Amino acid sequence: MASLAAYRTSQAARALALLLALSAPAFGDGTTITGKARVVDGDTLDVDGVRVRLNGLAAPERGEPGGREATRFMVDATRREAVTCELTGEQSYDREIGRCFVDGEDLAALAVAAGVARDCPRFSDGRYAALETDEGRQLALPRYCEVR
């Protein structure tokens, strides 16, 4: 599994992640929050008191194969930096939906490129598909990610 440090050394992958972030459509309500993140799991964060589900990302749950690695990756990615989340105005259970960034980098893109999560095409419109690794493709894709 690629580490966060190894991923960040890949200039081509960083450029692709930045291109994806800049080419994505703006979100519905435009609310932006910034703060220290507490990681719930590989695709959910608490930022500035708001629980945020990362839009378009499918990370394994803690008890599933790869869940521990996905959570650890997210902890490492958010450890020293403020996290900024652009909320969509939609909710999933008790969570706001949004895209979150650390130092301008899309956390979902980083996780997919590191092989600890998958693109969730139903909600991402394939935004992260090109970043999936062979290792990441071995992770189960939840049924809710299937395009309907």
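A short reminder: the numbers here are calculations on the coordinates, not readings from a lab. Worth saying up front: this structure is predicted, and the values here are computed from it rather than measured. Neighbour counts are summed over all protein chains in view; Cβ atoms, including those assigned to glycine, are modelled from backbone coordinates with ideal geometry.
Peptide packing: for 70-76, 117-123, 132-138, the average count of neighbouring Cβ atoms within 10 Å per residue gives the ranking 117-123, 70-76, 132-138, highest mean first. Just need the relative contact order of the stretch 31-148 here, percent rounded to a whole number, with Cα pairs under 8 Å and 6+ apart. Relative contact order of the stretch 31-148: 26 percent.
Modelled spin labels at Arg79 and Asp125, positioned 7 Å past Cα toward Cβ, are 3.6 nm from each other. Residue by residue, the stretch 100-108 carries 3J(HN,Hα) couplings of 10, 10, 10, 6, x, 9, 5, 4, 5 Hz when phi is fed to the Karplus relation 6.51 cos²θ - 1.76 cosθ + 1.60 (θ = phi - 60°); x denotes Gly or Pro. Listed values for the stretch 74-82 are Karplus-derived 3J(HN,Hα) couplings in whole Hz (6.51 cos²θ - 1.76 cosθ + 1.60, θ = phi - 60°), namely 5, 4, 4, 5, 10, 4, 10, 10, 6, and x replaces Gly and Pro.
Ordered by packing density, taken as the mean number of other Cβ atoms within 10 Å over each peptide's residues, highest first, how do 39-45, 104-110, 87-93 rank?
Values: 39-45: 22.3, 104-110: 23.9, 87-93: 14.4.
In descending order of packing, they fall as 104-110, 39-45, 87-93.
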